[in-house]
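Here the structure comes first, spelled out in structure tokens, and everything after it is commentary.
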Amino acid sequence: MTARLAAKGIVKRFGGVTALDDVSLALDQGTVLGLIGPNGSGKTTLLNVLSGTMRPTSGGVFLDGQRIDRLPGYRVVRAGVAKTHQIPKPFPGLTVRENVLVAATFGGRAPMREGADLPEQVERILRLVELEPRAHAFASALTVQEKKRLEFGRALATGARFLLLDETFAGLSPDEVRNSVEVFQRVQAEVGFGAVVVEHVMRAVLSLAQRVLVLEEGRAIAEGTPQEVVRDPGVIEAYLGSEATNVAP
Amino acid sequence: MAEVGTVVASLVYGVLLGFVFAAIAHGLNLIWGVTKVVNAAHGEFIMLGAYGAYFLNLAWGLDPLLASVVDAGLGLAVGVVFYFAFLYRELRGKDEIGLQSELVTLVATFGLSLVLVNVGIIAWKGDPRGLRYNPGNIVLGGLSVPLGGVYVGLASLGIIAISHVFLSRTYLGNAIRAYSQDIAAAKLMGVNPTSVAAIATGIGFAMTMAGGAFLTVYLRAGITPFVGLTYAPISFVIVVLGGRGKMWGSLVGGVTIGVLLDVLQVFVPVEIAYAAAFLVVIPVLALAPEGILR
Amino acid sequence: MTILRPTFLRLRAMSLRILPGHAWGKVRALGPTAQGLGLVLAVLAVVGPVLPVAIFVLLILFMIYATWAYSINLITGMTGYVSFGHVVFVGTGGYALGYGVKVWNIAPFAGVALGGVLGAVLALVIGVVTLRLRGAYFAIATLVTPLAAFYIVSGTPALGDGSGLPMNLGFQIGSQYYTIWALLAAEVALTWWVTRGRLGLGIRALREDEDAARAVGISVSRVKLILYILSGGFAGAAGAVFAWYVSGVFPDSFNLLFSLTMLAMIIIGGMGTVLGPMLGAVIVLIPHQILIRILPQGEPIAIGVSVILIALFLPGGIVGTIRQYVPDARRYFE
């Protein structure tokens with residue numbers, strides 16, 4: 001049975017400002033949901049609610065029917081939902097391998113387990129995100145792209161069934177984006193996680209996601225396949241504007 | 001209605017004391033707000049300012065008000081030297097001042113505080129020294145208030161106002177504010193980060209040491225090398241109450257603590273009043289980490 | 001490789017061969033730091049009573065300071081949270097023993113236990129609120145606690161107002177020696193244990209970046225709180241031993257200079273390491289005993305200068321710097 005991550009009726013207010021207004025989403029393990037919208041539309045807030053970093057004002061987040069929005073952040077990770085940061089936050093004084101090892105050790109459902117498979121699991125992840133050659137470098141010595149891969153690898157190593165990726169491709173050159181998208185797709189095919197991808201780089205979202213959710217001013221204004229969404233007049237007007245013709249396939 | 005009279009007298013006295021506290025804390029606030037790191041040796045510069053006033057009084061008979069001007073000049077120079085000795089290595093070239101820099105400077109300046117306290121003990125021994133300054137009393141509505149306290153209180157208010165005008169009306173002041181808000185953006189506007197931070201540190205020290213001179217009027221037990229161990233924590237508490245980097249925050253925090261100390265003493269033993277004035281910082285940090293000012 | 005191998009390591013190796021084979025293998029597996037510290041503690045336990053009384057008494061003081069150094073290391077060294085107010089636990093432990101002995105007539109051992117428990121409880125109360133604060137804010141929040149405690153005990157008649165609680169317990173240096181020895185040994189073992197393996201890796205990650213540590217499933221808040229409680233408990237128990245040692249407890253037990261000395265010991269020795277606090281305690285305390293007669297302020301000035309230089313230029317302290325620059329020596333510190 002595949003796992004399912006769902007958010008129902010999420011409202012998030014900061015003082016008098018409503019950042020999220022009755023947003024719902026659902027995705028199965030193995031599928032990718034793209035999350036797009038103009039700046040300030042609530043994408044990052046939604047990711048923070050899904051990852052347990054913020055509590056919703058009302059509404060709930062469910063993993064396989066279990067409510068997870070009241071759990072502390074680290075318990076959400078252990079339950080199987082891990083987030084990557086927009087600006088990578090590696091442990092700079094730990095080696096790349098140790099970075100992944102920390103996540104593999106603590107992120108699983110049975111933290112501190114003495115499983116004999118841990119070293120192999122770490123090697124597998126280093127291979128998947130193409131950081132094997134850098135395994136013994138300190139994380140502070142990595143390039144931006146490598147740090148992003150490490151961030152991704154670390155989230156994978158927690159054993160999460162759902163990843164929440166916050167602008168993973170921002171700040172990379174077009175070549176690097178292409179390469180990173182390839183890595184992502186290969187890893188996803190092999191590991192089979194589900195993902196919510198917040199992204200500004202439209203091409204990346206459209207090629208990765210099976211479904212796309214569009215936010216505007218805290219409300220979901222459209223949901224569908226990438227093809228449907230980019231043709232939706234409301235979306236074109238609210239978000240894509242005149243650039244729509246450039247991204248439509 | 002003797003009780004009400006006592007409370008009112010305490011209130012007046014507390015507000016005046018609060019102004020002096022505010023001046024002392026303002027130096028810390030400026031440095032912390034601009035450079036984003038804390039000078040743990042803050043109290044020792046209050047102590048040096050107080051001794052400065054004492055020796056200027058001894059040598060030339062200057063009163064604390066005039067001595068504060070000399071102290072401020074010294075503070076400016078000392079602050080710039082301090083910036084290059086303790087902060088420059090950690091802050092240069094950085095657009096974001098992280099936790100690591102904060103901890104390094106906290107620890108390094110803590111070492112400085114240890115050095116200065118003990119140099120003070122060697123130089124001036126541990127025994128308290130009093131400063132003779134008594135311009136008489138003024139009677140306000142039946143209450144007798146020492147004029148010395150009134151003068152330094154108003155002078156404290158004055159230097160905070162001057163610093164406010166400087167920061168909001170001059171080119172350099174604006175550059176300092178820009179740097180404190182966004183280092184990268186300030187650099188794009190042509191602000192030289194090193195000189196701006198160094199000058200801001202110097203101004204912070206000038207206020208701290210001038211405040212130390214004012215404080216001598218209120219140090220009834222005399223000046224000792226340990227003065228800083230009490231007044232640095234009071235300054236920290238004031239900055240936290242008013243909110244780091246908020247220039248009027250020092251005043252609000254200072255008056256709050258001054259009044260709290262003096263009015264509480266009417267109702268509870270003096271020790272408990274001090275304990276309460278220190279402990280108030282913990283709920284404030286827990287509930288309103290940006291300070292009580294909006 | 002050989003330059004840094006002290007001869008005593010070899011001597012120790014010979015002397016320990018008398019153990020059965022499997023036990024020796026276990027000792028070897030602990031690594032040089034644990035072996036060295038274990039040996040030092042074993043020697044202290046055995047030779048203490050035969051030393052001249054003057055040195056014996058000094059060793060008690062040394063072990064009290066070393067216990068404080070390991071205590072602050074548990075929170076500040078392990079997590080990077082600078083606790084300026086650690087002396088609040090020392091004074092609390094001291095007053096617990098003083099009050100217990102004077103008012104309830106309990107044995108000093110029980111007073112030490114009470115000091116440890118109260119230190120831990122106080123750490124729980126302070127930690128729940130302050131461990132959410134970071135950097136300078138945590139330092140300030142902890143800084144005010146001993147100041148407030150100083151004024152509170154000075155104004156509380158049951159605690160002797162400002163004049164403290166002097167005690168008349170007689171000359172009990174043997175019991176004091178083994179009490180503080182047991183505390184120090186337990187604390188060294190605990191420190192060694194939490195720097196090992198998976199837990200040690202998790203704590204290093206927490207120190208590097210708290211948000212990232214949370215994002216990979218580390219229960220950051222709980223780990224910090226547990227370390228702080230342990231730290232407060234040991235500081236409180238050692239503070240009680242100190243009150244026992246000086247036969248009394250006074251408001252000055254909350255003097256901030258104690259906090260600063262503790263902090264200096266781990267900064268100089270090496271924060272978050274197993275060996276650092278011991279080295280720091282030796283370095284801070286031995287000159288103290290010599291200089292205090294010549295120029296009492298010379299030593300704190302020297303400590304202050306060392307702290308400044310180490311903070312700015314060698315942030316790893318002695319142990320961290322050797323680890324960094326002499327890779328061959330690294331295994332001696334593991």
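The values are calculated or read from the model by the stated rules, or taken from the named source; none is laboratory data. Owing to the predicted nature of the structure, the values given are computational and were not obtained by experimental measurement. Using ideal geometry, Cβ is built from the backbone for each residue, glycine included, and neighbour counts are taken over all protein chains shown.
This table checks each residue for (1) among the polar types (S, T, N, Q); (2) under 19 Å from C:Trp244 (Cα atoms); (3) at the interface with chain B (Cβ under 8 Å from one of its Cβ atoms).
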position	(1), (2), (3)
C:Ala113	no, yes, no
C:Gly116	no, yes, no
C:Arg134	no, no, yes
C:Thr142	yes, no, no
C:Ile152	no, no, yes
C:Gly155	no, no, yes
C:Phe171	no, yes, no
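Quick one: which residue in C:Ala110, C:Ala54 is without any contact (Cβ under 8 Å) to a residue 24 or more places away in the chain and either under 27 Å from C:Ala158 (Cα atoms) or of a type in the set (Phe, Trp, Tyr) (or both)?
C:Ala110
Out of A:Pro119, A:Pro92, A:Pro88, which single residue is touching a residue at least 24 places away in the same chain (Cβ under 8 Å) and surrounded by fewer than 17 Cβ atoms within 10 Å (Cβ to Cβ)?
A:Pro92
Given the conditions (1) surrounded by 13 or more Cβ atoms within 10 Å (Cβ to Cβ); (2) at pLDDT below 85; (3) farther than 27 Å from B:Gly212 by Cβ, report the number of the one that B:Pro146 does not fulfil.
(3)
Which of the helices (runs of 4 or more DSSP H) contained wholly in segment A:1-115 include at least 1 residues that are of a type in the set (Ser, Thr, Tyr), out of contact with any strand residue (DSSP E or B) (no Cβ under 8 Å at 6 or more places or on another chain) and under 22 Å from A:Phe152 (Cβ atoms)?
So the answer is A:73-79, A:96-107.
Which one is surrounded by the fewest Cβ atoms within 10 Å (Cβ to Cβ) among residues in segment C:216-237 that are out of contact with any Phe, Trp or Tyr (no Cβ under 8 Å at 6 or more places or on another chain) and at the interface with another protein chain (Cβ under 9 Å from one of its Cβ atoms)?
That would be C:Arg222.
Pairs needed: first member in segment B:35-47, within 17 Å of B:Pro128 (Cβ to Cβ); second member anywhere, among the small types (Gly, Ala, Ser); C-beta distance under 6 Å; at least 6 residues apart or different chains.
B:Gly43/B:Gly228; B:Gly43/B:Ala232; B:Glu44/B:Ser113; B:Glu44/B:Gly228; B:Ile46/B:Gly212; B:Ile46/B:Gly228; B:Met47/B:Gly228
All but one of (1) surrounded by fewer than 20 Cβ atoms within 10 Å (Cβ to Cβ); (2) assigned to a helix (DSSP H, G or I) hold for A:Gly171; state the number of the condition that does not hold.
(2)
Pick out, from segment C:7-119, the helices (runs of 4 or more DSSP H) lying fully within it that include 1 or more residues that are modelled with pLDDT of 85 or more.
In segment C:7-119, C:32-47, C:53-72, C:87-99 are the helices (runs of 4 or more DSSP H) which contain 1 or more residues that are modelled with pLDDT of 85 or more.
Between A:Val196, A:Val183, which is more than 14 Å from chain C (Cβ to nearest Cβ), out of contact with any Cys (no Cβ under 6 Å at 6 or more places or on another chain), surrounded by 23 or more Cβ atoms within 10 Å (Cβ to Cβ) and closer than 19 Å to A:Gly30 by Cβ?
After ruling out the rest, the residue left standing is A:Val196.
Determine whether segment B:194-204 contains at least one residue that is within 14 Å of chain C (Cβ to nearest Cβ), surrounded by fewer than 20 Cβ atoms within 10 Å (Cβ to Cβ) and of a type in the set (Val, Ile, Thr).
No, the conditions are met nowhere in segment B:194-204.
What's the total number of residues in segment C:196-214 that are crowded, with 20+ Cβ neighbours inside 10 Å, under 17 Å from C:Tyr70 (Cβ atoms) and either modelled with pLDDT under 90 or within 7 Å of chain A (Cβ to nearest Cβ) (or both)?
Within segment C:196-214, residues that are crowded, with 20+ Cβ neighbours inside 10 Å, under 17 Å from C:Tyr70 (Cβ atoms) and either modelled with pLDDT under 90 or within 7 Å of chain A (Cβ to nearest Cβ) (or both) number 0.
Taking the stated definitions as given, is C:Leu279 assigned to a helix (DSSP H, G or I) and within 13 Å of chain B (Cβ to nearest Cβ)?
Criteria not met by C:Leu279.
Could you tell me whether C:Pro296 is more than 24 Å from C:Leu184 (Cβ to Cβ), without any contact (Cβ under 8 Å) to a residue 40 or more places away in the chain and away from every other protein chain (no Cβ under 12 Å)?
Taking the combined requirement at face value, the residue does not satisfy it.
Among B:Ala221, B:Ala213, which is in contact with a Pro (Cβ under 9 Å, 6 or more places away or on another chain) and surrounded by fewer than 20 Cβ atoms within 10 Å (Cβ to Cβ)?
Just one listed residue meets the conditions, B:Ala221.
Would a scan of segment C:249-261 turn up a residue that is farther than 17 Å from C:Ile64 by Cβ and not basic (Lys, Arg)?
Checked segment C:249-261: at least one residue is farther than 17 Å from C:Ile64 by Cβ and not basic (Lys, Arg).
Just to check your reading of the model, which residue among C:Ile203, C:Ile226 is without any contact (Cβ under 8 Å) to a residue 12 or more places away in the chain, under 21 Å from the mean Cα position of the chain (by Cα) and more than 16 Å from A:Ala139 (Cα to Cα)?
Result of the check over C:Ile203, C:Ile226: C:Ile226.
When you go through C:Ala148, C:Ala96 one by one, which is the residue that is of a type outside the set (Asp, Glu), over 22 Å from C:Val188 (Cα atoms) and more than 14 Å from every other protein chain (Cβ to nearest Cβ)?
The unique qualifying residue is C:Ala96.
Taking segment A:84-139 as the region of interest, how many residues are more than 23 Å from A:Ser51 (Cβ to Cβ), at pLDDT below 85 and in contact with a Lys or Arg (Cβ under 7 Å, 6 or more places away or on another chain)?
Total meeting the criteria: 1.
Just to be sure, is C:Gly217 touching a helix residue (DSSP H, G or I) at 6+ places or on another chain (Cβ under 6 Å), among the small types (Gly, Ala, Ser), touching a residue at least 60 places away in the same chain (Cβ under 8 Å) and under 30 Å from A:Phe106 (Cα atoms)?
Here the answer is no, as C:Gly217 does not meet what is asked.
Could you tell me whether segment B:54-63 includes any residue that is among the charged types (D, E, K, R), modelled with pLDDT under 90 and within 21 Å of the chain's Cα centre (by Cα)?
Looking for residues that are among the charged types (D, E, K, R), modelled with pLDDT under 90 and within 21 Å of the chain's Cα centre (by Cα), one finds at least one in segment B:54-63, hence yes.
Specify the residue that is surrounded by the fewest Cβ atoms within 10 Å (Cβ to Cβ); the eligible residues are those in segment B:108-129 that are more than 10 Å from chain C (Cβ to nearest Cβ) and either free of Cβ contacts under 8 Å to residues at least 24 places away in the same chain or in contact with a strand residue (DSSP E or B) (Cβ under 9 Å, 6 or more places away or on another chain) (or both).
Among those that are more than 10 Å from chain C (Cβ to nearest Cβ) and either free of Cβ contacts under 8 Å to residues at least 24 places away in the same chain or in contact with a strand residue (DSSP E or B) (Cβ under 9 Å, 6 or more places away or on another chain) (or both), it is B:Lys125.
Can you say whether C:Thr261 is away from chain B (no Cβ under 13 Å) and at pLDDT 85 or above, as far as the supplied structure shows?
The answer is no for C:Thr261.
Considering (1) assigned to a helix (DSSP H, G or I); (2) touching a helix residue (DSSP H, G or I) at 6+ places or on another chain (Cβ under 7 Å), say which one C:Gln324 fails and leave the rest.
Checking C:Gln324 against (1) assigned to a helix (DSSP H, G or I); (2) touching a helix residue (DSSP H, G or I) at 6+ places or on another chain (Cβ under 7 Å), the one that fails is (2).
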